[in-house]
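Enquirer: The structure's right below; bear with me while I get my questions together.
The values are calculated or read from the model by the stated rules, or taken from the named source; none is laboratory data. Since the model is a prediction, treat every value here as computed from it, not as a measurement. A quick note on method: Cβ atoms are made from the backbone with ideal geometry, for glycine too, and the neighbour counts reach across all protein chains shown. The protein model used for the area step is the full one, side chains on, heavy atoms only, and it has no ligands, DNA or RNA in it. Shrake-Rupley method; radii C 1.70, N 1.55, O 1.52, S 1.80 Å.
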Amino acid sequence: MNPKLLTLCAAACACTTPAWAQGSVTLSGVVDLAARRVSHDGTGSLTALVSGSNASSRLVFSGKEDLGGGLSAGFHLEHGLLADTGLPASAKFFDRRSTVSLASQSLGELRLGRDFVPSYSNWSRYDPFGYVGVARSANLVSATPTGPIRAAFGSNANTTVRSDNGVQWLLPAGLGGLEGGAMFAPGEGGAVASGLARLTGLRVGYANQAFSVSAATTRSKNSQTTAGSFRDSAVGGSVELHSVRLSAAWREFRYDSAKQLLWMLGAVATFGLHEVKASWIRSEHQGQVGGASIAGTDATQIGLGYVYNLSKRSALYATVARISNDGAARYVISDGPSGISAGGRSRGYEAGVRHRF
Amino acid sequence: MNPKLLTLCAAACACTTPAWAQGSVTLSGVVDLAARRVSHDGTGSLTALVSGSNASSRLVFSGKEDLGGGLSAGFHLEHGLLADTGLPASAKFFDRRSTVSLASQSLGELRLGRDFVPSYSNWSRYDPFGYVGVARSANLVSATPTGPIRAAFGSNANTTVRSDNGVQWLLPAGLGGLEGGAMFAPGEGGAVASGLARLTGLRVGYANQAFSVSAATTRSKNSQTTAGSFRDSAVGGSVELHSVRLSAAWREFRYDSAKQLLWMLGAVATFGLHEVKASWIRSEHQGQVGGASIAGTDATQIGLGYVYNLSKRSALYATVARISNDGAARYVISDGPSGISAGGRSRGYEAGVRHRF
Amino acid sequence: MNPKLLTLCAAACACTTPAWAQGSVTLSGVVDLAARRVSHDGTGSLTALVSGSNASSRLVFSGKEDLGGGLSAGFHLEHGLLADTGLPASAKFFDRRSTVSLASQSLGELRLGRDFVPSYSNWSRYDPFGYVGVARSANLVSATPTGPIRAAFGSNANTTVRSDNGVQWLLPAGLGGLEGGAMFAPGEGGAVASGLARLTGLRVGYANQAFSVSAATTRSKNSQTTAGSFRDSAVGGSVELHSVRLSAAWREFRYDSAKQLLWMLGAVATFGLHEVKASWIRSEHQGQVGGASIAGTDATQIGLGYVYNLSKRSALYATVARISNDGAARYVISDGPSGISAGGRSRGYEAGVRHRF
């Protein structure tokens, strides 16, 4: 073999830096920005540039090391950013995820650190809008109006999406479609103002190319939950019909005698480079908080979206959504004007660009 | 062809991680530190280690995706840092720029997110010191003393450099030297304390290897600008004479009946690895703020600098500068002692190391 | 030579992005998480997930440019993170280090920016636990109880580990084992509340494969140290006996008439993939603060650890430690319950995963 060629090829390899040459870090992310206009009954309209309406803007440092024998170690540090202003999405720089993992092909993954809670993972996967944008199901998962979330957490960080201090065990792939995991987080004192909660959660499901079903439950306690645990349960399923994915999910937040129920129906149709998405979500409050009934603060949200995929990484999109509040409910599409009349409607539409890297 | 060689070359390629193999992210930046001594009439001297005197210390994540047909998508996330302390330069982590772009070779670039405003871009390009260091023109673009900037923004973030929420259209390259762009940012409520402003700006210019001319104007409104828009206009030009670049620029800030005028003359001479730079800047205030005349709070700054380029990426540099205040003006070179006597002189010199990566 | 092969090899090289192709940036770091339980006499126990017990969780951007003739330029930006929550370890994003360097093979390195102080470097190298985890010597380097550290810095950032604004000269390698450096930091006003201090430090040592000895001293002044400098001195040594490294170190903090003395004995035994570590540390206070004697607030800490190296990059580990306070001393193992009874014992144990990338 030609020695010159060997040298040249070696040089080709050496022109990467050591860290990458070891394949130890992958740098990836999303920058997504959209122009949004939101109108609330009683308070008018507001136009804004917003970050992350198709996928949350983020910067990810991750990596995996093959330890041999089916074992691997890995890490994942994910920063959420607001690309409209350059601000971090949270005081927690790696708010989206900060974990270290030890994984076995046969026994599954031990994952330590901040991550999604099981009930969230089991709900957002069935939201055609992935919990983001004007039509996100997150609009109805809110501490306003008063319900079980507010009763358990006030306006502090809650455990409906992520938890600090997670110790998770996740089922391995290759169990014939069976999937799931368990999560535990120590309370570390459980100060609600610090976002601390003692948390336990479980998720189990089955997925193949034709359909998926799964159920999850998460319980958390903090210094404010003196009347028992805050319970967050979710059940959902999806089915693939040709190029259309239909999904349905149910979620319940419960604390003391207060309950919030969410039902979601979703559809995503994919035709070549085009995607059309729709969702219908209903939220109902039941029971009492502090002796006062919360019944009647219900709402329905509908969303319709279109995505044009310029490539696997880049897309243009447009979405419209409307929330219809019942009774005294004041749910709103985010990034609108301040406030809404009780029982009013919130409408929003947006168009944007999403780029993955 | 030798199959072993093919394998070897493939391995050479595979030794980079997927994200980079796709060419999707470039990581670059600057770390620049200098020792600086600043003296103010009336308040003495202070020695400091300062960040970014030749080029602002920064960390940049950027990338571009070729979409075919002359179309591309890209992103740019740029963090400013103070390398003397490790602090972020701003609460906005990606304060320097956070944008997503869709660009066409024939139609230009649509760029969304936080970025420079047109008037700034058109001014700083003619500052031999690039708006940084003891001799930066930024010393005279200050909310102190009271003038149009303070009248419109108080001591909050202003739009003399960057804007959040920008929607920009930038002319494509290949228009025979013509360059420019337009920027719009929705006010999103326009709360001055939050740095929010409704902004419109325009920049147009012509540049070739021998000379450049350009003009820009930017208007912004916020919750404090009840007497109309804050207007920021800049006109400048440069000419290349052998190895010397001469530049001249004019900038005007105007709000209500208050006006600030800036004139700048600059020169950069390059001889092999050596660069010598000089600038003269004059600032004048005219009109009134709150019924009181601001006339007479004028100042002149002169700066002289030397750069020794160790390589394209690394340099040693030294700069001296002096501000002469007129009347009651109290402009200062930054990172000096607190305060200066009215009409006093501020002197500064520094020497440092700049490294690009 | 085959032109196709040349093209292929060139392509292999080109598949990395420009920044890395220049070899200008290395991205590396650590994610380390452990479950810890700490008990304090009088206040009970607390279980927590904690970050960085084997090595501090971090993200590092660094690079080096060969300038020819034995000269190089480089930078190092190191972020500390708390992987249990995703929070930055400090408001200073690049709190662990942010420096630019100019280095000569014969003359040594000029390093500017935030970095470790000489006395810290000379102490932590002899701590088998590297200043982290339940058995870290840092437990006894505390502003509580009152001693010279608290007298000089209050509860503000102190200079026992790092300093902003450092100007360092470090001896080059290749001096036959001689090592060392000098550090200076201007006070920049020296406001103790801002963590500012005027600092000077010196470190000198000798190391070969069989043993090391070194001594360092660091002095700092701030707006609170009106009675002279805060002085931080350290002397230590280590010896390699087959697969066991034994170390001993002494450190003294002194301010005005207050003194804290630390003695540390350490051992690290390495057998293949296994490491066993042990340390004994004694802290004594002498003299007075504000006219009151601080004598008797002494403590002894012992630590024992085990590390199983899954690879060069990944490890499992477990550590136990105990602090025995004398008199009114209230030193604690960190991340335990709030408070401890005077003279009480603090016990902690932890098990975790450390992954380098």
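Enquirer: Quick check on region A:321-357: of everything there that is in contact (Cβ under 8 Å) with a residue 40 or more places away in the chain and of a type in the set (S, T, N, Q), which residue is farthest from A:Val30 (Cα to Cα)?
Expert: Going through the qualifying residues, I end up with A:Ser341.
Enquirer: Could we say that C:Gly181 is buried (at least 19 other Cβ atoms within 10 Å of the Cβ) and either out of contact with any Asp or Glu (no Cβ under 8 Å at 6 or more places or on another chain) or of a type outside the set (Asp, Glu) (or both) here?
Expert: Details: buried (at least 19 other Cβ atoms within 10 Å of the Cβ): yes; either out of contact with any Asp or Glu (no Cβ under 8 Å at 6 or more places or on another chain) or of a type outside the set (Asp, Glu) (or both): yes.
For C:Gly181, the condition - buried (at least 19 other Cβ atoms within 10 Å of the Cβ) and either out of contact with any Asp or Glu (no Cβ under 8 Å at 6 or more places or on another chain) or of a type outside the set (Asp, Glu) (or both) - is met.
Enquirer: Can you confirm whether A:Asp84 is surrounded by fewer than 22 Cβ atoms within 10 Å (Cβ to Cβ) and in contact with a strand residue (DSSP E or B) (Cβ under 6 Å, 6 or more places away or on another chain)?
Expert: Values: surrounded by fewer than 22 Cβ atoms within 10 Å (Cβ to Cβ): no; in contact with a strand residue (DSSP E or B) (Cβ under 6 Å, 6 or more places away or on another chain): yes.
When the stated conditions are applied, A:Asp84 does not pass them.
Enquirer: Continuing with this model, one more query. How many residues are more than 7 Å from every other protein chain (Cβ to nearest Cβ), among the aliphatic types (A, V, I, L, M) and farther than 17 Å from B:Ala91 by Cα if we restrict to region C:78-108?
Expert: Counting residues in region C:78-108 that are more than 7 Å from every other protein chain (Cβ to nearest Cβ), among the aliphatic types (A, V, I, L, M) and farther than 17 Å from B:Ala91 by Cα gives 3.
Enquirer: Can you confirm whether C:Ala34 is modelled with pLDDT under 50 and either at negative phi or at the interface with chain A (Cβ under 7 Å from one of its Cβ atoms) (or both)? Talk me through it step by step, then tell me what you get.
Expert: On the way: modelled with pLDDT under 50: no; either at negative phi or at the interface with chain A (Cβ under 7 Å from one of its Cβ atoms) (or both): yes.
So C:Ala34 fails the test.
Enquirer: Of everything in region C:337-346 that's of a type outside the set (Ser, Thr, Tyr) and closer than 27 Å to C:Gln286 by Cβ, which residue is most open to solvent (accessible area, probe 1.4 Å)?
Expert: Applying the first criterion (of a type outside the set (Ser, Thr, Tyr)) to region C:337-346 yields C:337, C:339-340, C:342-345.
Now narrow it down to the ones that are closer than 27 Å to C:Gln286 by Cβ: C:339-340, C:342-345.
Values: C:Gly339: 42, C:Ile340: 13, C:Ala342: 51, C:Gly343: 27, C:Gly344: 4, C:Arg345: 90 Å².
Across region C:337-346, the extreme among qualifying residues is C:Arg345.
Enquirer: Restricting to region B:139-163, what's the tally of residues that are open to solvent by 20 Å² or more (accessible area, probe 1.4 Å), outside any helix (DSSP H, G or I) and touching a strand residue (DSSP E or B) at 6+ places or on another chain (Cβ under 6 Å)?
Expert: 2
Enquirer: Just wondering, is there one or more residues in region B:312-320 that are in contact with a His (Cβ under 8 Å, 6 or more places away or on another chain), open to solvent by 40 Å² or more (accessible area, probe 1.4 Å) and in a strand (DSSP E or B)?
Expert: No - not one qualifying residue is present in region B:312-320.
Enquirer: From the set of residues in region A:54-76 that are within 20 Å of C:Ala35 (Cβ to Cβ) and within 14 Å of chain B (Cβ to nearest Cβ), which is surrounded by the most Cβ atoms within 10 Å (Cβ to Cβ)?
Expert: So, considering only residues that are within 20 Å of C:Ala35 (Cβ to Cβ) and within 14 Å of chain B (Cβ to nearest Cβ), the one surrounded by the most Cβ atoms within 10 Å (Cβ to Cβ) is A:Phe75.
Enquirer: Could you check region B:343-357 and list, in sequence order, the residues that are more than 16 Å from B:Ser45 (Cα to Cα) and charged (D, E, K, R)? If you could, list the steps in order and put the result at the bottom.
Expert: Keep residues of region B:343-357 that are more than 16 Å from B:Ser45 (Cα to Cα), which gives B:343, B:351-357.
Listed by number, the residues that qualify are B:Arg354, B:Arg356.
Enquirer: If you check A:Thr297 against the conditions, is it touching a residue at least 60 places away in the same chain (Cβ under 8 Å) and under 21 Å from the mean Cα position of the chain (by Cα)? Steps first, answer last, please.
Expert: Details: touching a residue at least 60 places away in the same chain (Cβ under 8 Å): yes; under 21 Å from the mean Cα position of the chain (by Cα): no.
Taking the combined requirement at face value, the residue does not satisfy it.
Enquirer: Does A:Glu284 satisfy being touching a strand residue (DSSP E or B) at 6+ places or on another chain (Cβ under 8 Å), open to solvent by 70 Å² or more (accessible area, probe 1.4 Å) and part of a strand (DSSP E or B)?
Expert: Values: touching a strand residue (DSSP E or B) at 6+ places or on another chain (Cβ under 8 Å): yes; open to solvent by 70 Å² or more (accessible area, probe 1.4 Å): no; part of a strand (DSSP E or B): yes.
So A:Glu284 does not fit the description; no.
Enquirer: Another question about this same structure. So which residues in region C:103-118 are surrounded by 15 or more Cβ atoms within 10 Å (Cβ to Cβ) and over 12 Å from C:Met183 (Cα atoms), if there are any at all? Full working, then the answer.
Expert: We begin by selecting, within region C:103-118, every residue surrounded by 15 or more Cβ atoms within 10 Å (Cβ to Cβ); these are C:103, C:108-118.
Matches in region C:103-118: C:Ala103, C:Gly108.
Enquirer: Considering only region C:207-226, I want to know if a residue exists there that is closer than 26 Å to C:Ile149 by Cβ, without any contact (Cβ under 8 Å) to a residue 40 or more places away in the chain, part of a loop (DSSP other than H, G, I, E, B) and aliphatic (A, V, I, L, M).
Expert: Checked against the condition, which is being closer than 26 Å to C:Ile149 by Cβ, without any contact (Cβ under 8 Å) to a residue 40 or more places away in the chain, part of a loop (DSSP other than H, G, I, E, B) and aliphatic (A, V, I, L, M), region C:207-226 yields no hits at all.
Enquirer: Please state which one of C:Gly166, C:Gly174, C:Gly201 is buried (at least 24 other Cβ atoms within 10 Å of the Cβ), farther than 19 Å from C:Arg254 by Cα and not acidic (Asp, Glu). Walk me through how you get there before you give the answer.
Expert: Numbers: C:Gly174 fails: buried (at least 24 other Cβ atoms within 10 Å of the Cβ); C:Gly201 fails: farther than 19 Å from C:Arg254 by Cα.
Unique residue meeting the criteria: C:Gly166.
Enquirer: Condition first: open to solvent by less than 30 Å² (accessible area, probe 1.4 Å), farther than 30 Å from A:Ala103 by Cβ and out of contact with any Leu (no Cβ under 7 Å at 6 or more places or on another chain). Can you find one or more residues in region C:268-275 that meet it?
Expert: Start the filter on region C:268-275 by keeping residues that are open to solvent by less than 30 Å² (accessible area, probe 1.4 Å), which leaves C:268-269.
Restricting the remaining residues to those that are farther than 30 Å from A:Ala103 by Cβ gives none.
No, region C:268-275 contains no residue that is open to solvent by less than 30 Å² (accessible area, probe 1.4 Å), farther than 30 Å from A:Ala103 by Cβ and out of contact with any Leu (no Cβ under 7 Å at 6 or more places or on another chain).
Enquirer: Residues of region B:265-279 being closer than 12 Å to B:Ser137 by Cα and either among the hydroxyl-bearing types (Ser, Thr, Tyr) or in contact with a Ser or Thr (Cβ under 6 Å, 6 or more places away or on another chain) (or both), which ones?
Expert: Going residue by residue through region B:265-279, those that are closer than 12 Å to B:Ser137 by Cα are B:265-266, B:278-279.
Those that are closer than 12 Å to B:Ser137 by Cα and either among the hydroxyl-bearing types (Ser, Thr, Tyr) or in contact with a Ser or Thr (Cβ under 6 Å, 6 or more places away or on another chain) (or both): B:Gly266, B:Ser279.
Enquirer: Those residues that are over 21 Å from C:Asn139 (Cβ atoms) and part of a strand (DSSP E or B), I need them from region C:239-263; list them, please.
Expert: Keep residues of region C:239-263 that are over 21 Å from C:Asn139 (Cβ atoms), which gives C:239-246, C:256-257.
If the condition is that a residue be over 21 Å from C:Asn139 (Cβ atoms) and part of a strand (DSSP E or B), then C:Val239, C:Glu240, C:Leu241, C:Val244, C:Arg245, C:Leu246 are the ones that fit.
Enquirer: Is it true that some residue in region C:125-136 is under 23 Å from C:Gly195 (Cα atoms), open to solvent by less than 30 Å² (accessible area, probe 1.4 Å), outside any strand (DSSP E or B) and at pLDDT 95 or above?
Expert: There is at least one residue in region C:125-136 that is under 23 Å from C:Gly195 (Cα atoms), open to solvent by less than 30 Å² (accessible area, probe 1.4 Å), outside any strand (DSSP E or B) and at pLDDT 95 or above.
Enquirer: Within region B:1-31, which residues are at pLDDT 50 or above and either within 20 Å of B:Gly86 (Cα to Cα) or in a helix (DSSP H, G or I) (or both)?
Expert: So the first thing to find is which residues in region B:1-31 are at pLDDT 50 or above, and the list is B:23-31.
Of everything in region B:1-31, those that are at pLDDT 50 or above and either within 20 Å of B:Gly86 (Cα to Cα) or in a helix (DSSP H, G or I) (or both) turn out to be B:Leu27, B:Ser28, B:Gly29, B:Val30, B:Val31.
Enquirer: Another question, if that's okay. Kindly indicate whether A:Gly154 is touching a Pro at 6+ places or on another chain (Cβ under 8 Å) and farther than 27 Å from A:Ala207 by Cα. Talk me through it step by step, then tell me what you get.
Expert: Details: touching a Pro at 6+ places or on another chain (Cβ under 8 Å): no; farther than 27 Å from A:Ala207 by Cα: yes.
When the stated conditions are applied, A:Gly154 does not pass them.
Enquirer: Turning to a different aspect of this structure: Which ones in region B:109-122 are on the phi < 0 side of the Ramachandran plot and either touching a helix residue (DSSP H, G or I) at 6+ places or on another chain (Cβ under 7 Å) or within 14 Å of chain A (Cβ to nearest Cβ) (or both)? Give the steps one after another, and end with the answer.
Expert: Taking region B:109-122 first, the residues on the phi < 0 side of the Ramachandran plot are B:109-112, B:114-122.
If the condition is that a residue be on the phi < 0 side of the Ramachandran plot and either touching a helix residue (DSSP H, G or I) at 6+ places or on another chain (Cβ under 7 Å) or within 14 Å of chain A (Cβ to nearest Cβ) (or both), then B:Glu109, B:Leu110, B:Arg111, B:Leu112, B:Arg114, B:Asp115, B:Phe116 are the ones that fit.
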